[in-house]
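The next block holds one structure in the form of C-alpha cells; read it before the comments.
The values are calculated or read from the model by the stated rules, or taken from the named source; none is laboratory data. The shown structure was predicted, so the numbers you read here are calculated from the model rather than taken from an experiment. Positions of Cβ are backbone-derived with ideal geometry, glycine not excepted, and every protein chain shown enters the neighbour counts. Remember, those area values only see protein heavy atoms, side chains included, never the ligands or the DNA or RNA. Shrake-Rupley method; radii C 1.70, N 1.55, O 1.52, S 1.80 Å.
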Amino acid sequence: MVCTKAFGMGIDKEHIRSIYHLNFSSSPESYIQEAGRAGRDKVKSICTIFLDRNIYYTVAQNFIIKNNNSQTFPYIKDRKKTREIFENYESFTNKISERYYRDIPSLKKVFKNIGFELSNDDIIEFNQDKAIHEYLQSTSFKGIEIEAYQLNRFINHNKGINTSQLKLSQEKYNIEFDDDIKINLHLTGGLNGWAYINNSNGNAIGRFYANFILPVAFINGLGPNSEPDLIRSQQVLDFLIEEWEESGKAEPLLFNFLKKKSLKD
C-alpha cells in the first residue's frame, strides 16, 4: 500500500511487517507513531527511511538581485531567460519551483549558452532530503527538551522490545496517566511474585501479589521511606490487569503475563 502520512496513521492492522518512509518524518515523535503502524501484534518488524544522498546544484536565491544591472542583464528578456535556467513555472499549480543540476559543469554550460560566465561563488549545493528535513524542523520543532525526551523514549522503547511485557505496560501507563512510576517484579526468592510500585522518588507507594488469581493492591509491609498510596497503587494494578485481559489472558496468572518476553522470536 502506498499512502500519505494522514491515511497511514489510520492503519491499525496486525501482520504488517514493513514500513517505508519516502522522506523524513517531521519529528522523532512523528516517526515513532508512524513506524508503529508495523508490528502491532508485537512481532518484530522493520521500518526503513529512504534517503537521497545525491547533491544537486543551482544558483543562490539572490543571484538575480545581485546581478541586476544594465551590463549583466541589459533587457528584461535576458533576465527572464536566465531565470528559466534555475526556475520552472508550473501553470497547473500556479507555482514556481527550482531547477537543479547534477553537476557544476552542466549548470555552468547552460549559463554559458546565454553568454553568461557563472562564478563558483554564485553556485549552491542542494540535497532534497536535507531540505525537507530543514523545512520540517523549522515548522515542527518543539524545543530541544521535547526532542531529546522523544529520542530517549524511542531508544528505551527499542531496548525494551526484547525484555518483558512489564516494561512495555509500565511505559504505556506512564504515558496515559502522565506519571513516572517504576514496578519491581520479584521473579525469584522469598518475594517471588510480589510486585512493588515505586514513585519517581524511588519510594514504594504500594505492592501486589501477581501470583493471585485476582490480585489486589496493598500498602502494608512497604518498608522504610515508603509513601503509601492505595488509590494510585490500585489504579496501576487495574491498568495492568486490563492489559492482561486485552491480551486474551493466554497466561494463567498476571505474574506470567508481566514476566513474558514482549515480542515473539
Report the residue, chosen from Gln128, Gln234, Gln61, that carries the largest GNM mean-square fluctuation when the chain is represented by alpha-carbon nodes joined by springs under 10 Å. Gln61
If the chain between Asp180 and Ile11 were fully extended at 0.36 nm per residue, the gain over the current Cα-Cα distance would be 57.9 nm
Run the numbers for Ile76 and Asn220: contour at 0.36 nm per residue of separation, minus the present Cα-Cα distance, in nm. 43.1 nm
Among all stretches of the chain without exposed chymotrypsin sites (Phe, Trp or Tyr not before Pro) (DSSP loop, at most 13 other Cβ atoms within 10 Å), which one is longest? 142-211
Among the Cα-Cα pairs of segment 160-265, the proportion with separation greater than 25 Å, in percent, is 13
Straight distance only, please: which aspartates and glutamates reach the Cα of Lys66 with their own Cα at less than 13 Å, same-chain residues fewer than 8 apart left out? Asp121, Asp122
Rounded to the nearest 10 Å², what accessible area does Glu251 show when all protein chains are kept and the probe is 1.4 Å? 30
List, in the order given, every pair from Lys13/Lys172; Lys81/Lys108; Lys130/Lys172; Lys13/Lys142 whose Cα-Cα distance in the structure shown is over 23 Å. Lys130/Lys172; Lys13/Lys142
Debye log10 I(q)/I(0) for the chain, one point scatterer per Cα, at q = 0.08, 0.09, 0.15 Å⁻¹: -0.55, -0.63, -1.14
On each of the three principal axes the extent of the alpha-carbon atoms of segment 1-120, given in whole Å and largest first, is 68, 29, 23
Gain in length, Arg99 to Lys112, computed as 0.36 nm per residue apart minus the alpha-carbon separation, to one decimal in nm? 3.0 nm
